[in-house]
Amino acid sequence: MKKIGFIPLRKGSKGIPNKNKRKMVGRPLFTWVLGEAVFSNLDEIVVFTDDETIIDFIIKEYYWTNKVKPILRSAESATDTASTEMAMLEYAEAVDFNFDIFCLLQATSPFTKKTDINICLDKLIEGYDSALTVVNTHRFLWDKNGKPLNYNPDKRPRRQDFDGLLIENGAVYTTTKSSLKQTRNRLGGKVGVVNMSEDSLHEIDSESDWLVVENLLIERQKREKKSEKITHLVLDVDGVFTNGTITYTKDGEHTKSFDMRDGMGLEILRQYNVQVMVMTSENSELVAKRMEKLKIEHVYLGVKDKYSLLQHIIKTHKISIHNIAYIGDDVNDLSNICSVGWSLVPNNATDIVKQHADIVLSKKSGAGAIREACEFILNYNKRF
């Protein structure tokens, strides 16, 4: 049974410019749902977009999985007036409906988890023709004429006695091939519902919406954190190993400075069976050579979506995110900082990551911060 995920993306966004690509907790908004889809039970995820920069991004960032396929959509299906169904059918007809289950995922729903996707898929296996995600709200609804819609004001119920209403949150829709062909709609036939958290009901249509959703997402990641024995340390490079500056020569070449004491700290850490990994957004030959000198085996260069790659590493190496310590310094590290067992940042890191890190080190980057972090890890692990 072939299960296809489908994420439609458009260039244009009137409320928030470049909304789909804008960084939400340090990573492009659309990658929150894309990353969850990759680790779900979907067999293939199609990102259907008219933005070629997104296609290039996906090809570069998701090299580690063969599940993601970016496809250029037509200009006609990417207009302000075009419906999502138009994009769905454009793709479905182009592949001659070569799937058994079609799963529509909305990029503006960053609270979607792989479990939400899987439960919606399971609904179809159970016999439903389609399914969607909803939120149970306990709000009292009225119409414009001042008439209550879902309760009697004379017998106002207590919240705990009120069943409330189910409202679409627009996150996940699944449908069978036969239903999609017959109805030409994301929903049809016998419809199943899947509850998601109330946070997922928030729309992202304005700057204030963005701030609310981002803060809720940060708090969700931090609530799921657990502090266990540290078995792996993942480090950023610029602003962690180095002081965050680059020196250029007249010929355009550049140099970086590394603290030798940091290297010794990592060597000692490995002697205590803590595996060291490096993950940096820069694709630098200088960095590669320095990590080779430090005998760090797992080095990932040119990474823009560090959170998805970390999830892939966790799955590949069969480790827990709660056993990982992470050192970063800037916004592109924020998702990992809010999620791992222990997050540490140099004293000169950006304010946003210092605000959400577990530990702000007393030393600056390139000046002993890593060594200090290594000593913390060794002392912390003693209790285990």
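Could you give me the ³J(HN,Hα) list for the range 157-166, computed from phi with Karplus coefficients 6.51, -1.76, 1.60 and θ = phi - 60°, whole Hz, x at Gly and Pro?
Those phi angles translate into x, 6, 4, 5, 9, 10, 5, x, 10, 9 Hz.
So who's got an amide H within less than 5 Å of the one on ARG22, skipping anything under 5 residues away but keeping other chains? H placed 1.01 Å off N, in plane.
Under 5 Å from the amide H of ARG22: LEU29.
Determine, for TRP210, TRP142, the number of other Cβ atoms within 10 Å of each Cβ, and report the residues in order from fewest to most.
Ordered from fewest to most neighbouring Cβ atoms within 10 Å, TRP210, TRP142 come out as TRP142, TRP210.
Ignoring everything except DSSP H segments at least 4 long, calculate the 222 nm mean residue ellipticity for the chain; use -39,500 (n - 2.57) per segment, divide by total residues, nearest 500.
-9500 deg cm²/dmol
With the cut-off at 32 Å, tell me which of the pairs LYS114/LYS147; LYS23/LYS289; LYS67/LYS382; LYS21/LYS295; LYS114/LYS382 have Cα atoms farther apart than that.
Distance filter (> 32 Å) returns LYS114/LYS147; LYS67/LYS382; LYS21/LYS295; LYS114/LYS382.
Starting from the range 3-102, pick out the trypsin sites (Lys or Arg not before Pro) whose DSSP state is loop and whose Cβ has at most 12 other Cβ atoms within 10 Å.
Counting only loop positions with at most 12 other Cβ atoms within 10 Å, the trypsin sites (Lys or Arg not before Pro) in the range 3-102 are LYS14.
Take the alpha carbon gyration tensor of the chain, find the square roots of its eigenvalues, order them as a ≥ b ≥ c, and report rounded if a/c is under 1.5; if not, report prolate when a/b exceeds b/c, else oblate.
Verdict is prolate for the chain.
Take the alpha carbon atoms of the range 7-60, find their center, do the same for the range 314-367, and report the distance between the two centers in whole angstrom.
24 Å
Loop-only trypsin sites (Lys or Arg not before Pro) in the range 82-170, please: DSSP not H, G, I, E or B, and at most 16 other Cβ atoms within 10 Å.
Here the trypsin sites (Lys or Arg not before Pro) that fit, given the DSSP loop and packing criteria, are ARG139, LYS144, ARG158.
For a quick check of your reading of the filter: which GluC sites (Glu not before Pro) in the range 288-384 sit in a DSSP loop and have no more than 16 other Cβ atoms within 10 Å?
For GluC sites (Glu not before Pro) across the range 288-384 that sit outside H, G, I, E and B with at most 16 neighbouring Cβ atoms in 10 Å, the list reads GLU297.
For the range 25-93, how big is Rg over Rh, using alpha carbon atoms and the Kirkwood form of Rh?
Taking Rg over the Kirkwood Rh, I get 0.97.
Using 0.36 nm per residue, how much length does the chain from GLU267 to GLU219 gain when fully extended, once their Cα-Cα distance is taken away?
13.9 nm
Got a sec to turn the phi values of the range 224-233 into Karplus ³J(HN,Hα) couplings, 6.51 cos²θ - 1.76 cosθ + 1.60 with θ = phi - 60°, whole Hz, x for Gly and Pro?
7, 5, 9, 9, 10, 4, 8, 10, 9, 10
Which ³J(HN,Hα) values in Hz, rounded to whole numbers, follow from the phi angles of the range 27-38 under the Karplus curve 6.51 cos²θ - 1.76 cosθ + 1.60, where θ = phi - 60° and Gly and Pro get x?
9, x, 3, 5, 6, 5, 7, 4, x, 5, 5, 4
Please report the relative contact order for the range 218-292, taking Cα pairs under 8 Å with a sequence separation of at least 6, and give it as a percent rounded to a whole number.
With pairs under 8 Å counted, the relative contact order is 39 percent.
Just the number, please: percent antiparallel of the DSSP beta bridges in the range 18-158, rounded to the nearest 5.
Among the beta bridges of the range 18-158, antiparallel pairing accounts for roughly 40 percent.
From the cross-link list LYS113/LYS222; LYS60/LYS293; LYS3/LYS226, which pairs have alpha carbons spaced over 23 Å apart?
From the list (LYS113/LYS222; LYS60/LYS293; LYS3/LYS226), the Cα-Cα distance tops 23 Å for LYS60/LYS293; LYS3/LYS226.
Could you list which residues have their amide H under 5 Å from that of GLU282, counting only those 5 or more apart in sequence or on another chain, with H placed in the peptide plane?
GLY302, VAL303
How high is the relative contact order of the range 3-223? Use alpha-carbon pairs under 8 Å, at least six apart in sequence, and give a whole percent.
Computed over the range 3-223, the figure is 23 percent.
For a quick check: with amide H placed at 1.01 Å from N, whose amide H comes under 5 Å from VAL68's, ignoring anything fewer than 5 positions away on the same chain?
HN-HN under 5 Å from VAL68: ILE45.
Over what distance in Å are the Cα centres of the range 172-248 and the range 138-171 separated?
28 Å
Each reported figure results from applying straightforward, stated rules to the coordinates on display, with no laboratory input. None of these values were measured; they are calculated from a predicted model. Please note: Cβ atoms are built from the backbone with ideal geometry, for glycine as well, and neighbour counts cover all protein chains shown.
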